[in-house]
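Enquirer: Take this structure first; my questions come after.
The values are calculated or read from the model by the stated rules, or taken from the named source; none is laboratory data. Everything numeric here is computed off the predicted structure, so don't read it as measured data. With ideal geometry, Cβ positions are generated from the backbone for all residues, glycine too; neighbour counts draw on all protein chains shown. With ligands, DNA and RNA removed, areas are computed over all heavy atoms of the protein, side chains included. Shrake-Rupley method; radii C 1.70, N 1.55, O 1.52, S 1.80 Å.
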Amino acid sequence: MNFNHYFTNEEIEAHLNEWVRAYPNLAALSTIGSSFEGRPIWLLTLTNLATGQAADKPAMWIDGNIHATELAGATAALYVSNQLITGYGQDEQVTRLLDTSTFYIVPRINPDGAGLALAANPKFIRSGVRPYPWEDKQEGLHDQDIDGDGKITQMRIVDPNGDWKVSPLDPRLMAKREPDEQGGVYYRLLPEGLLEDYDGYIIRDPRPLQGLDFNRNFPYEWKPENEQFGSGPYPASEPEINALVGFVTKNLNVNIVLTFHTFSRVLLRPYSTRGDDTMNLDDLWVFKKMGARGTEISGYRNVSTFHDFTYNPKKVTYGAFDDWMYDHLGAYSFTVELWDLPTEAGVKDRKFIEWWRDHPHEQDLQILKWIDEHGEPDSYLPWHSFDHPQLGPVELGGWNALYSWRNPPHAFMEAEAAKHMKWILFLAEMLPRLQLHTLDVQAFGTDTYRINVVVENTGYLPTFTSQQSKARQAVRPVRAELTLPEGVEILSGKRRVELGFLEGRSNKSDTATVYGFSPTDNRVRVEWVLRAPVGSSVKLEILSERAGSLHKEIKLGIE
Ligand SMILES: [Zn+2]
């Protein structure tokens with residue numbers, strides 16, 4: 001499979017079906033629901049079915065392409081799927097992780113929007129195709145490929161009050177006009193497009209017709225349109241998001257979430273809406289440990305969205321997926337912003353957001369030179385005259401952002417996805433995992449049996465995932481249950497026993513010393529005494545929502 005590629009919806013469907021056909025014991029295909037236009041939202045479930053069902057194992061969630069043009073997210077999710085599937089039986093770690101855990105992978109949450117970006121005559125929208133908040137196009141300039149070259153680039157128009165000029169460094173580039181600059185030739189820079197209700201004078205920047213942002217539609221601190229653009233009429237109002245929210249609230253084994261976006265080369269973690277000082281410290285330390293390993297592996301920085309990825313600290317973003325998964329469900333969630341053109345071009349340590357407001361113009365040239373050498377032939381187009389049906393003579397050209405800024409040029413796609421594979425395996429290693437430590441049955445006489453069971457969590461995370469899930473009561477304690485056939489009687493113990501929460505190795509930071517004390521708080525013991533005829537078969541179940549469940553048959557009185 002070639003991962004220097006952006007997949008159409010049909011190609012994704014074909015690959016998923018092929019995997020399921022070729023690897024029936026590892027891969028299962030289903031949908032979590034349908035998009036607004038009725039396209040299936042495919043879910044690939046990966047686990048070794050010979051060692052247990054997907055629902056009986058701790059899980060990691062991976063998705064991509066919730067935002068329409070962020071096609072790299074879908075390719076990255078497919079790349080990870082392929083590494084897992086083809087690594088089984090070849091790679092010791094991948095094999096062990098597929099034996100003991102589940103990966104839920106949705107390569108493309110937004111098939112409608114991605115389909116538009118990939119079309120021969122493309123259209124770039126933020127998320128969903130449903131007109132929102134209004135049904136009609138507002139007055140102003142709307143993006144469109146007007147010269148029919150299959151690209152949406154830029155338009156420049158000479159205007160004495162323009163805020164751009166031709167760059168002194170390279171005539172192809174545009175540079176910002178200085179505040180005191182007079183007497184030159186200046187331009188307005190606009191996206192290629194057509195005007196709605198143009199009166200011959202006023203060019204407005206309107207709300208887009210399709211103004212939804214799916215990653216503002218989640219129930220955590222959801223806010224209406226005046227506080228959060230594109231959030232939708234109510235939380236999870238959009239079918240894509242409703243499907244996602246429905247799945248993860250029914251499949252509670254998800255402990256860790258990774259959602260692929262573009263761009264910036266950063267691993268973002270909660271919160272978007274408030275600072276680290278408001279977070280539970282144990283959880284913050286776990287997040288930092290996870291993020292630090294990610295940075296070590298991929299070189300991507302790991303930051304809190306609130307502290308380092310906010311346009312304006314007074315205007316935060318609400319209703320995001322990672323925040324919701326952590327805040328309401330207690331799952332450790334990261335948004336991976338794949339690719340960064342300036343960084344790839346050698347711009348060092350750029351501040352993610354401030355850079356857009358102001359940076360040395362030489363860096364624009366540095367980026368253009370990188371594109372000249374490594375980009376696609378149409379990543380940056382020469383300016384050429386065009387007779388605009390409404391504006392008259394303009395020039396079209398400049399950035400064609402889809403496979404330069406928004407996504408890696410094709411040749412760089414696979415390498416960008418590959419940077420995260422080892423981190424994903426590292427995160428999967430951290431999942432809580434329930435195991436039977438001891439199961440012994442002692443017979444007294446011919447009809448009395450003592451069943452001694454010790455269960456342990458062998459994972460790094462506790463069986464409750466995070467302090468946040470415990471505080472939210474998002475996860476039930478571990479439970480033990482016996483199912484007894486007729487004629488079997490419990491002399492001591494209860495049929496259903498609550499075993500509580502089992503710790504992992506994660507929440508030890510506040511008691512850490514160099515000489516150490518490691519209590520067995522990952523372990524619990526339960527005992528029953530039964531009266532039963534020889535040969536009775538008793539079913540023992542240890543049930544955990546996050547750490548997996550165990551199902552055992554115990555034959556009494558038979559060695
Ligand atoms: Zn995004």
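Enquirer: Just read off the accessible area of Leu116 with the full protein assembly in place, 1.4 Å probe, to the nearest 10 Å².
Expert: 50
Enquirer: If the cut-off is a Cα-Cα distance under 12 Å, which aspartates and glutamates reach Lys250, setting aside same-chain residues fewer than 8 apart in sequence?
Expert: Cross-link targets: Glu545.
Enquirer: While we're looking at this one, here's another question. Given H placed on each backbone N at 1.01 Å, which residues far from Leu258 in sequence or on other chains put an amide H within less than 5 Å of it?
Expert: Distant-sequence amide H within range of Leu258: Trp61, Ile62, Asp63, Phe334.
Enquirer: Can you give the accessible area per residue of the stretch 285-427, in Å², using a 1.4 Å probe?
Expert: 43
Enquirer: What 222 nm value per residue comes from the helices of the chain, counting each DSSP H run with n ≥ 4 as -39,500 (n - 2.57) and dividing by all residues, nearest 500 deg cm²/dmol? Could you put the intermediate results ahead of the total?
Expert: Working: 14 runs with 130 residues, N = 559.
Theoretical 222 nm ellipticity from helices: -6500 deg cm²/dmol.
Enquirer: Additional query: Can you tell me which of 524-533, 193-202 comes out highest on packing, and rank the rest after it, using the mean Cβ neighbours within 10 Å?
Expert: Highest-to-lowest ranking by the protection proxy: 524-533, 193-202.
Enquirer: Shifting gears a bit: Does the stretch 443-507 come out rounded, prolate or oblate by the C-alpha gyration tensor, with a ≥ b ≥ c the root eigenvalues, rounded set by a/c under 1.5 and, if not, prolate when a/b is larger than b/c and oblate if not?
Expert: Cα axes put the stretch 443-507 in the prolate bin.
Enquirer: How many times 2.2 N^0.38 Å is the alpha carbon radius of gyration of the stretch 465-559?
Expert: This ratio for the stretch 465-559 stands at 1.40.
Enquirer: Give me the net charge of Arg204's neighbourhood, meaning all other residues with Cβ under 11 Å from the Cβ of Arg204; Lys, Arg count +1, Asp, Glu -1.
Expert: After counting each charged neighbour, the total is -4.
Enquirer: For the chain, what is the Kirkwood hydrodynamic radius in Å, using each pair of distinct C-alpha atoms?
Expert: Working: mean 1/r = 0.0383 Å⁻¹.
Its Kirkwood hydrodynamic radius stands at 26.1 Å.
Enquirer: In the chain, what percent of the accessible surface is made up of carbon and sulfur (1.4 Å probe, ligands and nucleic acids excluded)? Write down the numbers at each step before the final one.
Expert: On the way: 12040 of 24480 Å².
Its accessible area is 49 percent carbon and sulfur atoms.
Enquirer: Sort 68-74, 366-372 for me by packing, meaning the mean count of neighbouring Cβ atoms within 10 Å per residue, highest on top.
Expert: Taking the mean over residues of other Cβ atoms within 10 Å, the ranking is 68-74, 366-372.
Enquirer: In terms of the Cα gyration tensor, with a ≥ b ≥ c the square roots of its eigenvalues, is the stretch 414-469 rounded because a/c is under 1.5, prolate because a/b exceeds b/c, or oblate?
Expert: Note, shape of the stretch 414-469 comes out prolate.
Enquirer: Asp147: accessible area at probe 1.4 Å, nearest 10 Å²?
Expert: Its accessible surface works out to 50 Å², give or take rounding.
Enquirer: In percent, how large is the relative contact order of the stretch 466-559, given Cα pairs closer than 8 Å and 6 or more residues apart?
Expert: Across the stretch 466-559, relative contact order equals 34 percent.
Enquirer: What do you get for the angle between helix 239-250 and the principal long axis of the chain? Use alpha-carbon atoms, 0 to 90 degrees, nearest ten.
Expert: On a 0 to 90 degree scale, this one is about 20.
Enquirer: Per the Kirkwood definition applied to all pairs of different Cα atoms, how many angstroms is the hydrodynamic radius of the stretch 219-278?
Expert: One over the average 1/r among Cα pairs gives 14.0 Å for the stretch 219-278.
Enquirer: Any idea of the accessible area per residue across the stretch 1-80, 1.4 Å probe, to the nearest Å²? Display every interim value, and only then the final one.
Expert: Values: 2860 Å² over 80 residues.
Averaged over the residues of the stretch 1-80, the accessible area is 36 Å².
Enquirer: Could you pull out the pairs from Lys494/Lys552; Lys123/Lys369; Lys223/Lys470; Lys289/Lys470; Lys223/Lys315; Lys289/Lys314 whose alpha carbons sit more than 23 Å apart here? Walk me through the intermediate numbers first.
Expert: Working: Lys494/Lys552 17 Å; Lys123/Lys369 27 Å; Lys223/Lys470 26 Å; Lys289/Lys470 20 Å; Lys223/Lys315 12 Å; Lys289/Lys314 28 Å.
Lys123/Lys369; Lys223/Lys470; Lys289/Lys314, as the Cα separations exceed 23 Å there.
Enquirer: Would you work out if the stretch 488-533 is rounded, prolate or oblate? Take a ≥ b ≥ c from the square roots of the eigenvalues of the alpha-carbon gyration tensor; rounded if a/c is under 1.5, else prolate when a/b is larger than b/c, oblate otherwise.
Expert: Details: a/c = 6.04, a/b = 3.58, b/c = 1.69.
Because a/c hits 1.5 or more and a/b exceeds b/c, the stretch 488-533 counts as prolate.
Enquirer: Which whole-number percent gives the relative contact order of the chain, counting Cα pairs below 8 Å spaced six or more residues apart?
Expert: The normalised contact order for the chain reaches 14 percent.
Enquirer: Let me ask something else about it. Net charge within 14 Å of Thr520 by Cβ-Cβ distance, Lys/Arg positive one each and Asp/Glu negative one each, not counting Thr520 itself?
Expert: Working: positive: Arg505, Lys508, Arg523, Arg525; negative: Glu456, Glu503, Asp521.
So the surrounding residues net to +1.
Enquirer: I would also like to ask the following. Can you tell me the order of 159-165, 179-185 when each peptide is scored by its average per-residue count of other Cβ atoms within 10 angstrom, highest first?
Expert: Per-residue Cβ counts within 10 Å, averaged per peptide and sorted highest first, yield 159-165, 179-185.
Enquirer: For the stretch 147-159, what does the Karplus curve 6.51 cos²θ - 1.76 cosθ + 1.60, with θ = phi - 60°, yield as ³J(HN,Hα) per residue in whole Hz, taken in order and with x for Gly and Pro?
Expert: Listing the rounded values in order: 9, x, 8, x, 9, 10, 10, 10, 10, 10, 10, 5, 7 Hz.
Enquirer: Give me the angle, in degrees from 0 to 90, between the Cα long axis of helix 72-87 and the longest principal axis of the Cα atoms of the chain, rounded to the nearest 10.
Expert: The angle comes out near 40 degrees.
Enquirer: On to the next question. In whole Å, what are the Cα extents of the stretch 1-92 along the three principal axes, biggest one first?
Expert: Ordered largest first, the stretch 1-92 gives principal extents of 37, 28, 22 Å.
Enquirer: Could I ask something else about it? Rank these by accessible area, largest first, 1.4 Å probe: Met279, Met1.
Expert: Met1, Met279
Enquirer: Okay, moving on. Using a 1.4 angstrom probe with every protein chain in place, what is the largest-first accessible-area order of Arg472, Arg265, Arg188? List each step's numbers first, then the result.
Expert: Numbers: Arg472 120, Arg265 30, Arg188 100 Å².
Reading off the accessible areas and sorting them downward yields Arg472, Arg188, Arg265.
Enquirer: In square nanometres, what is one fourth of the surface area of the convex hull spanned by the alpha carbons of the stretch 366-468?
Expert: 15.4
Enquirer: Top to bottom by accessible area (1.4 Å), largest first, where do Phe444, Phe464 land? Don't skip to the end; give the middle numbers.
Expert: Working: Phe444 100, Phe464 0 Å².
The residues order as Phe444, Phe464, largest area first.
Enquirer: Counting alpha carbon pairs within less than 8 Å and at least 6 residues apart, what relative contact order, in whole percent, applies to the stretch 19-142?
Expert: Relative contact order, the stretch 19-142: 29 percent.
Enquirer: Here's something else I'd like to know. Taking every pair of alpha-carbon atoms in the stretch 243-397, what share in percent sits in each 5 Å bin, from 0 to the bin with the longest distance?
Expert: Percent of Cα pairs in each bin: 2, 8, 14, 16, 15, 13, 10, 8, 7, 4, 3, 1, 0.
Enquirer: Can you run phi through the Karplus equation (6.51, -1.76, 1.60; θ = phi - 60°) for the stretch 109-120 and list ³J(HN,Hα) in whole Hz, with x for Gly and Pro?
Expert: 6, 10, x, 5, x, 5, x, 5, 5, 8, 5, 4
Enquirer: Cα-based Rg (one decimal) and Dmax (whole number) for the stretch 259-330, in Å?
Expert: 11.9, 33
Enquirer: Can you list the residues, at least 5 places off or on another chain, whose amide H is less than 5 Å from the amide H of Arg204, using H built in the peptide plane?
Expert: Gly140, Leu141
Enquirer: Where does helix 361-374 land angle-wise versus the long Cα axis of the chain, in degrees 0 to 90, nearest 10?
Expert: Here the helix axis deviates by roughly 70 degrees.
Enquirer: How much area per residue is accessible in the stretch 465-557 when the probe is 1.4 Å and only protein heavy atoms are counted (Å²)? Walk me through the numbers on the way to the answer.
Expert: Details: 5230 Å² over 93 residues.
With all protein chains present, the stretch 465-557 gives 56 Å² per residue.
Enquirer: Give me the percent of DSSP beta bridges within the chain that run antiparallel, rounded to the nearest 5. Walk me through the numbers before you get to the answer.
Expert: Values: 74 of 97 bridges.
For the chain, the DSSP antiparallel bridge percentage is about 75.
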